[in-house]
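If you scroll down you'll find the structure; I have some questions about it.
The values are calculated or read from the model by the stated rules, or taken from the named source; none is laboratory data. Everything numeric here is computed off the predicted structure, so don't read it as measured data. Counting neighbours? That spans all protein chains shown, and the Cβs are built from the backbone with ideal geometry, glycine included. These accessible areas exclude ligands, DNA and RNA; they are computed on the full protein's heavy atoms, side chains included. Shrake-Rupley method; radii C 1.70, N 1.55, O 1.52, S 1.80 Å.
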Amino acid sequence: MTDQDYNSGGGAGRESGDFERSLVDRLLDEELDQLSPVEREALIEALRRRPKLAATHGKLQRLLEPLDQWSAPSPPTYLIDKILDRIVAADVNAPVVRESTLLHISQMEAEDHADYSRGSSFTFRDLLAVAAVLAFFALLIVPGISEARSRAQQVACASNLGSIGRGVHAYSQMNRGQLPQGRMISGGRWLKGGSVRIPFTSNGENRYVLLRFGYIANPKVFVCPSDRNAQSLEIANPQAMQDFPDPRNCSYDSLNMGGPLPRMDDAANLPYMADANPLFEGGQFNDAVSVSANSGNHAGGRGQNVWRLGGQVAWTVTPNVGYDGDNIWQIQGVLKYDGTEVQSSPRDAFLVP
Amino acid sequence: MKTPTDEQLMAEHLNHRPDAFELLVRRHSAELYRFVYRFTNSSVAAEDVAQEAFAQAYLSADKFDPSRKFRPWLFTIAANKARDWLRKRSRRSEVALDARIDGGDESGRTYADLLADSPDDSLPEIELEEQRKVVRRIVDAMPEFLREVLILAYYHRMPYREIAEVLDVPVGTVKSRLHSAVGHFGTAYREMIDFEQEAIESRRAKVEWD
């Protein structure tokens, strides 16, 4: 195809050819996320009006597609420790590592990854391994196989929330007691749809900052093993993104960060994160679902795991587990939601997608 | 309260806040590891270079210009160390090293040329695992100056001006190299897929003949 072939919408000639060539260049810029919103808008308009440009765009996408198949592996879990050791070795005066408030986080991660060679004490992961072995034998010998499997998944789900919770605490330590916060704007809408005048502002971004800034290394902990629709995030560089690209990448809902917020040290019993809120399953308000329903993550709506700001994870069979029996799925007295509602006080748990 | 930026953390590190640099390590180590892994095609190099790069960044922190971005500065250090690693291993030919000196792959076709004369039909489907191996082989065999720009732009979505900083070249050169790299990849991929297909068909023909 020559430059002139694009000229369905303009005159021929060198100047026009340069213009068309620059449009083709823009296609690559677009594929690499290099365009500003205005430039992107102009390109989309050009694509709409010029079928040949759109065809070239398709070719470029097919050309680049195979590159996605080459995923780089995750770094070994000990890499951060080795880097920190190397810094200390390079500079004996290094104050950075050994006095760090974050050091214990590395230790927690090390526990998570069960590096037995270091001879650590009995960890929660060990407990989980024992539970898994017991669950395995239960599968072999006990009638009611699915029940045993559900319980094993329930334990693994609680472990996920524990890991995320440690990330929340680490974030808070580094950010003067604040909870993880993405780009959420006040007055936005945390559910998609509705009037365009109120912009969508993802509450999921607030959870994603834990991955984005390395407080959590493994995206799989955001996926509840009982959640059949879930799909773990597989991406080379989570740092380059702002949010989970697919809602299925996160099985858990968390405190609406658009409303009044508690301080970490002031509301230890406040539920912060739990299995998905059934009222907003699928990213929209389902008014047919009872507010007393349990999360849909665990088969049969048996209950949900809930993580509180103080660090405790518990399995609950009712959503009324906030302060004074507060329902964690809703704002007291509010029956319909369009995504603009926020909790009434810092002690009102309201967990949303 | 917002999460501190990388540059704020560097400033706090220079102000002797003890944990600021550690947070930078935690933020960037995984991405840096993956960059070096793809650039060198070696997990050993990725591990070594990530350690070396952070150690040097730590020791040279006072030379960091706080008006610039931290991420390209860190990647500059890592890219230099990765190139040193490749040279030590003599994995690259002299031709590739020399080619880096000029502004672009003048002999190669840009992606625009490739798109202009490639047919509309899709390439034959091959197994995903096979596709992965082919991509890895092609990128690994690319001249260094094309490979690095492709990895930074495609896999790390780094803005052009930051890539320009990492590679110490003008933004225009980044773009022309990128166009060459995509053209290079597209041509090589089609050739290799055609080759694989021919091999599969000749094997199949041999089986039928036997």
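Within the stretch B:45-52, is there a residue that is acidic (D, E), in a helix (DSSP H, G or I), buried (at least 18 other Cβ atoms within 10 Å of the Cβ) and more than 9 Å from every other protein chain (Cβ to nearest Cβ)?
Taking every residue of the stretch B:45-52 in turn, at least one turns out to be acidic (D, E), in a helix (DSSP H, G or I), buried (at least 18 other Cβ atoms within 10 Å of the Cβ) and more than 9 Å from every other protein chain (Cβ to nearest Cβ).
Pairs under 8 Å by beta carbon, first residue under 21 Å from B:F75 (Cβ atoms) in the stretch B:130-154, partner basic (K, R) and open to solvent by less than 30 Å² (accessible area, probe 1.4 Å), six or more apart or different chains?
Here the result reads B:V139/B:R38; B:V139/B:R147; B:D140/B:R147; B:E144/B:R83; B:F145/B:R177; B:L146/B:R177; B:V149/B:R177; B:I151/B:R38, each pair linking the stretch B:130-154 to a residue that is basic (K, R) and open to solvent by less than 30 Å² (accessible area, probe 1.4 Å).
Do the conditions hold for A:G303, that is, is it in contact with a strand residue (DSSP E or B) (Cβ under 6 Å, 6 or more places away or on another chain) and at pLDDT 90 or above?
In short, yes.
Out of the stretch B:122-149, which residues are at the interface with chain A (Cβ under 8 Å from one of its Cβ atoms) and assigned to a helix (DSSP H, G or I)?
Selection gives B:L128, B:Q131, B:R132, B:V134, B:V135, B:R136, B:V139.
Where residues in the stretch B:154-204 are buried (at least 19 other Cβ atoms within 10 Å of the Cβ) and small (G, A, S), which of them is nearest to A:E65 (Cα to Cα)?
B:G186
Only one of (1) open to solvent by less than 30 Å² (accessible area, probe 1.4 Å); (2) at pLDDT 85 or above; (3) more than 10 Å from chain B (Cβ to nearest Cβ) fails for A:P180. Which number is that?
Answer for A:P180: the failing condition is (3).
Any residue in the stretch A:272-280 that is under 22 Å from the mean Cα position of the chain (by Cα), within 19 Å of A:G310 (Cβ to Cβ) and modelled with pLDDT under 90?
So far as the stretch A:272-280 goes, no, none of its residues is under 22 Å from the mean Cα position of the chain (by Cα), within 19 Å of A:G310 (Cβ to Cβ) and modelled with pLDDT under 90.
Filter the stretch B:34-44 for residues that are at the interface with chain A (Cβ under 7 Å from one of its Cβ atoms) and either in contact with a Lys or Arg (Cβ under 7 Å, 6 or more places away or on another chain) or open to solvent by less than 10 Å² (accessible area, probe 1.4 Å) (or both) and give the result.
If the condition is that a residue be at the interface with chain A (Cβ under 7 Å from one of its Cβ atoms) and either in contact with a Lys or Arg (Cβ under 7 Å, 6 or more places away or on another chain) or open to solvent by less than 10 Å² (accessible area, probe 1.4 Å) (or both), then B:R38 is the only one that fits.
Same structure again: Give just the number: which of (1) surrounded by 17 or more Cβ atoms within 10 Å (Cβ to Cβ); (2) in contact with an Asp or Glu (Cβ under 8 Å, 6 or more places away or on another chain); (3) at pLDDT 65 or above does A:S71 not satisfy?
(1)
Name, by its number, the condition in (1) at pLDDT below 90; (2) surrounded by 17 or more Cβ atoms within 10 Å (Cβ to Cβ); (3) assigned to a loop (DSSP other than H, G, I, E, B) that does not hold for B:A96.
Only one criterion is unmet by B:A96, namely (3).
If you scan the stretch B:56-73, which residues turn out to be free of Cβ contacts under 8 Å to residues at least 60 places away in the same chain, open to solvent by 10 Å² or more (accessible area, probe 1.4 Å) and facing chain A (nearest Cβ under 10 Å)?
Answer for the stretch B:56-73, where residues must be free of Cβ contacts under 8 Å to residues at least 60 places away in the same chain, open to solvent by 10 Å² or more (accessible area, probe 1.4 Å) and facing chain A (nearest Cβ under 10 Å): B:Q56, B:Y58, B:L59.
Then there's this: Please go through the stretch A:322-348 and pick out each residue that is surrounded by 19 or more Cβ atoms within 10 Å (Cβ to Cβ) and either in contact with a Lys or Arg (Cβ under 9 Å, 6 or more places away or on another chain) or farther than 19 Å from A:M257 by Cα (or both).
Listed by number, the residues that qualify are A:G322, A:D326, A:G339.
Which count do you get for residues in the stretch A:205-236 that are away from chain B (no Cβ under 14 Å) and closer than 19 Å to A:G282 by Cα?
Matching residues across the stretch A:205-236 total 11.
Okay, moving on. Quick check: anything in the stretch A:93-111 under 30 Å from A:F280 (Cβ atoms) and at pLDDT below 65?
no
Let me ask another. Looking at the stretch B:150-181 only, could you name the residues that are assigned to a helix (DSSP H, G or I) and at the interface with chain A (Cβ under 9 Å from one of its Cβ atoms)?
If the condition is that a residue be assigned to a helix (DSSP H, G or I) and at the interface with chain A (Cβ under 9 Å from one of its Cβ atoms), then B:L150, B:A153, B:Y154, B:Y155, B:Y160, B:K175, B:L178, B:H179 are the ones that fit.
Next question. Out of the residues in the stretch A:183-192 meeting the condition of being modelled with pLDDT under 85 and out of contact with any strand residue (DSSP E or B) (no Cβ under 7 Å at 6 or more places or on another chain), tell me which one is farthest from the other protein chains (Cβ to nearest Cβ).
For the stretch A:183-192, the residue satisfying everything is A:G187.
How many residues does the stretch A:318-353 contain that are polar (S, T, N, Q) and within 22 Å of A:T201 (Cα to Cα)?
The number of residues fulfilling the criteria is 5.
Sticking with this one: Can you name every one of the strands (runs of 3 or more DSSP E) wholly within the stretch A:248-316 that holds 3 or more residues which are within 26 Å of A:R183 (Cα to Cα) and open to solvent by less than 10 Å² (accessible area, probe 1.4 Å)?
Of the strands (runs of 3 or more DSSP E) lying wholly inside the stretch A:248-316, those with at least 3 residues that are within 26 Å of A:R183 (Cα to Cα) and open to solvent by less than 10 Å² (accessible area, probe 1.4 Å) span A:252-255, A:271-275.
Kindly indicate the residue of the stretch B:14-27 that is in contact (Cβ under 8 Å) with a residue 40 or more places away in the chain and more than 7 Å from chain A (Cβ to nearest Cβ) and also surrounded by the most Cβ atoms within 10 Å (Cβ to Cβ) among those meeting that condition.
My answer is B:L24.
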